[in-house]
Amino acid sequence: MKNILKKLFCIAMLGFVMIGLNACGTENTTADRETKNTDKIEASGSDDSENITLEMWTLLDQTDEYSEAWEKAISDYEAAHPNIKINRSQYEGEAYKIKLKSAVAADELPDIFFSWAGGFSRPFIEAGKMLPLDDTYEAYASDIEKSKLDSSVYDDVLYGTSIGSQMSLLYYNKAMFEENGLSVPETYEDLLEVCQKFIDKGITPFAISAKDTWGLAVFYDNLALKTIGKDDVVNTITRNGGSFKKEGFQEAAEKFVGLVDIGAFLDNASSLNTDEAYQYFVNGTCPMWLMIDSLGNTVLSSMENPDDYGVVRFPVINDNAAITDVMGGSGEIYCVFAGTRYPDEAANAVFEIIKNVAKYSQESGIAMSIWNGDALDEDSPEYLKMNQEFKSELTSSMLWWDTTMTADDAQEYLGLLQELYTGNITSEEFCDAMENQLTK
Amino acid sequence: MNKIWSNKKAILFFIFPAVAFFAIFIIIPIFMSLYYSFTSWDGIGKIEWVGLNNYIEMFQSPTIKFGKAAVNSLLIAGASTLIQLPIALIFALILSRKLRFRKTFLSIYFIPVLISSVAIGQLWMRIYNGDYGTINYILKSIGLDSLCRNWLGNQSTAMVAVLVPIIWQYIGYHMLIMYSGIKSVSEEMIEAAKIDGATGSQVARFVTIPVIKPIIKVSVIFAVTGSLKLFDLIYVLTNGGPAHATEVPTTLMISMLFSRNRYGIGSAIAIFIILECFLFSMIIQRIFKEER
């Protein structure tokens, strides 16, 4: 009897262990999701009385005003759809890239998620992880032209939507320029002159992060565009017939190194991330900050006197690109996971919520909405009005290199740029290495 | 009880869950990584067999800079063994004496081990900050402005700057391991040595340390293998920068896997780290065996 009880006890312990191991697993296997997705398509939508939760991943809100815009938009959506709850999680940019790729590989994406356009999202689409949104878009066609969502279109299929369209802007501290008797640069020569005058007075011109290498890329991307022109740059970095041996790339690299050598950037830029770096602009240490308008406007919107700061476009270098040719575009997109259990609800939610985030964030002066009907009013801050004026004058825009390129090319580019910044390689070696990478 | 120990089936039965867990979560993933290391795969799409190409590229490619990363990891391993462990041993020897507040000191030295590496990284980033950091502040206040540096942003100082918190964090851990070993040394042996006229340091050198050699061996293995696979502190402090100055194989592996979508070469780096740790463990075992 004792032996039987001992054996039963052992079997029970083993059973508990196996149950514990099983509980650690996830029910969201690819097979499960495919089955659920198939069921979903056949069932054509959830029952309105069924309470569902949609998981959403976005980047970290930079300011309270941006958080409020999101909260309001989600609150509006939930009020209009009482049976649907949106559970939004926020993540820091660089860490989010890793999290997103892990989730794609493990088939554990949330229902709605933020991603970057261009080469970043292409592998996800080719692997069938993103839901096509053309059908859902039809209901919102009057709210936003499809051409404004071009960056979310891959092989003529729409996969996402956006809050706004970005462009890089040169933010400057008006008081510091006035105190030093300087006017805002319109050409690259003007910019160099302004930099030198600040440096002569012991003021570092630019707040920049070299630790987050995309901060350096904002500079080089602009220099290359203005030196060479959009078409040649795009053809080169997308391996579509261009060559990094073209003279303009080295010229742009030399300009970049020139700025480093004269001391135009913070000494400690290599140890600063973006959030730390822009504090030097905000606290009046550095008079200029070259940044994407979505972040720049967010930061200015939280300042006490945002009209103390002005914005201009990156100056002209030669005839290959005009002042109205800019780095930018709708590089940030919001997409739906193809394996979501509720494709109709998620697809509708992504359009409704993003539309309202665009509206509320423009009202707060954070972002420029690309949705129809979101016009600026007279009370909008000056930097936003200038931003809108610049966007209305656009002759071309080009997505950031690290968004346009494949992941491997992009990381190689950023690594080489950091080596160029630190002086480990010359501009010629930089161009040779980029050529090797893009012809691999 | 003897009946249970002699019953091999019973033994197998009870260790089976642990072995199954070990096999599923450690052994099988290693073999999966080994397989992926021979392929070209972006983590999402089709897998393509490429043989040894990933290993060749890892060692030969000038852009990956694997050689520098490997050297940095060996530097960290060396610093851990030659700096961290001696300090831990000295602390353990001092605290093993009948010292007032001994337990308090033990707890204090162990605190860094308990704190999250992310928190430690953030703390040391503030200490190293070029504008308001503690180190530069102290240097400026004693008139040594010329020694102020951008500690984490300068290629010539970044590696040393990163080593300091790495060494600091685990001194308490090794100290505790050695302390428990020292406390198990027979009191009679120590008394006999003292009767023979040995001083405190002679007792430590000729009695205590030889007796706790197996403990020291364990600490050395943990220190070396831990250093070879270190990731968290470096990721937080510098992420391998500036310009690969503090790159180690683990940061390179993460970059290849998640930033560059190159799961093949990332897996090859992972296999290299595993083999490296295994090799060093064998070497350390051999060294300590020969010394016996």
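Please treat every number below as a calculation from the coordinates, not as lab data. Quick caveat: nothing in here was measured; it's all calculated off a predicted structure. Virtual Cβ from ideal backbone geometry, glycine too; neighbours counted across all protein chains shown.
Restricting things to alpha carbons, find the Rg to Rh ratio for region B:24-291 using the Kirkwood radius for Rh.
When Rh is taken as the Kirkwood radius, the ratio is 1.05.
To the nearest 10 degrees, how steeply does helix A:64-80 sit against the main Cα axis of chain A, on a 0 to 90 scale?
Value to nearest ten degrees: 40.
Going by alpha carbons, how many degrees (0 to 90, nearest 10) lie between the helix axis of A:214-228 and the longest principal axis of chain A?
Between the helix axis and the principal axis of chain A, the angle is about 50 degrees.
I need the peptides A:325-336, B:75-86 ranked by packing, meaning the mean over residues of other C-beta atoms within 10 angstrom, with the highest value on top.
Highest mean packing first, the order is A:325-336, B:75-86.
What does the average come to when, for each residue of peptide A:271-277, you count the partner chain Cβ atoms lying within 10 Å of its Cβ?
4
Springs between alpha-carbon atoms under 10 Å, Gaussian network over chain A: tell me which of A:Lys245, A:Lys359, A:Lys230 tops the mean-square fluctuations.
A:Lys245
Please list, by residue number, every one of the trypsin sites (Lys or Arg not before Pro) in region B:75-172 that is coil in DSSP and has at most 11 other beta-carbon atoms within 10 Å.
B:Arg97, B:Lys98, B:Arg100
Rank-order B:108-115, B:229-236 by packing density, defined as the average count of other C-beta atoms within 10 Å over each peptide's residues, highest first.
Numbers: B:108-115: 13.8, B:229-236: 19.5.
Ranking, from highest mean packing down: B:229-236, B:108-115.
Quick one: if the Förster radius is 45 Å, what FRET efficiency do B:Leu82 and A:Gln196 give, using the C-beta to C-beta distance and rounding to 0.05?
0.40
Running a GNM on chain B with Cα contacts under 10 Å, which residue among B:Met189, B:Met58, B:Met178 ends up with the highest mean-square fluctuation?
B:Met189
Within region A:339-440, what is the number of lysine pairs with alpha carbons under 29 Å apart, leaving out pairs fewer than eight places apart on the same chain? Each step should come with its number before you reach the end.
Details: A:Lys355/A:Lys385; A:Lys355/A:Lys391; A:Lys359/A:Lys385; A:Lys359/A:Lys391.
Lysine pair count for region A:339-440: 4.
What 222 nm value per residue comes from the helices of chain A, counting each DSSP H run with n ≥ 4 as -39,500 (n - 2.57) and dividing by all residues, nearest 500 deg cm²/dmol?
Taken over chain A, the calculation gives -15500 deg cm²/dmol.
Using alpha carbons only, what's the Rg to Rh ratio of region B:1-65 with Rh from Kirkwood?
Answer for region B:1-65: 1.33.
Over region B:71-219, what lengths in whole Å, largest first, do the semi-axes of the equivalent ellipsoid take, defined as the square roots of 5 times the eigenvalues of the alpha-carbon gyration tensor? Present the calculation step by step, with values, prior to reporting the outcome.
Numbers: eigenvalues 263, 53, 44 Å².
Sorted largest first and rounded, they come to 36, 16, 15 Å.
Quick one: plug the Kirkwood hydrodynamic radius of the protein assembly as shown (C-alpha pairs) into Stokes-Einstein at 20 °C, 1.002 mPa s, and report D in µm²/s.
Here the translational diffusion coefficient equals 73 µm²/s.
Can you tell me the FRET efficiency between A:Ser392 and A:Glu94 if r is taken as the Cβ-Cβ distance and R0 is 35 Å, rounded to the nearest 0.05?
0.60
Report, in degrees rounded to the nearest 10, the 0 to 90 angle that the Cα long axis of helix A:188-200 makes with the longest principal axis of chain A.
So the helix axis and the longest Cα principal axis differ by about 80 degrees.
Determine the shielding of peptide A:119-130 by partner chains: average, over its residues, the number of Cβ atoms on other chains within 10 angstrom of each Cβ.
Per residue, the average neighbour count from other chains is 2.
Which listed residue (B:Ala119, B:Met256, B:Leu144) has the Cα farthest towards the positive end of the charge dipole for chain B, taking +1 on Lys and Arg C-beta and -1 on Asp and Glu C-beta about the Cα centre?
In chain B, that residue is B:Ala119.
Per-residue mean of other chain beta-carbon atoms within 10 angstrom of the beta-carbon, peptide A:410-423? Walk me through the numbers before you get to the answer.
On the way: counts 3, 8, 3, 0, 1, 11, 2, 1, 4, 5, 1, 2, 8, 2.
Across the residues of A:410-423, the mean count of other-chain Cβ atoms within 10 Å is 4.
Out of the DSSP beta bridges found with both residues in the protein assembly as shown, what percent are antiparallel (nearest 5)?
Just about 60 percent of them are antiparallel.
Using θ = phi - 60° and the Karplus curve 6.51 cos²θ - 1.76 cosθ + 1.60, what whole-Hz ³J(HN,Hα) does each residue of region A:129-144 get, with Gly and Pro shown as x?
Each residue of region A:129-144 in turn: 8, 10, 7, x, 10, 4, 5, 5, 4, 3, 5, 10, 4, 7, 8, 7 Hz.
Do any GluC sites (Glu not before Pro) in region A:125-227 lie in a DSSP loop with no more than 14 other beta carbon atoms within 10 Å, and if so, which?
Here the sparse-neighbourhood loop sites are A:Glu145, A:Glu186.
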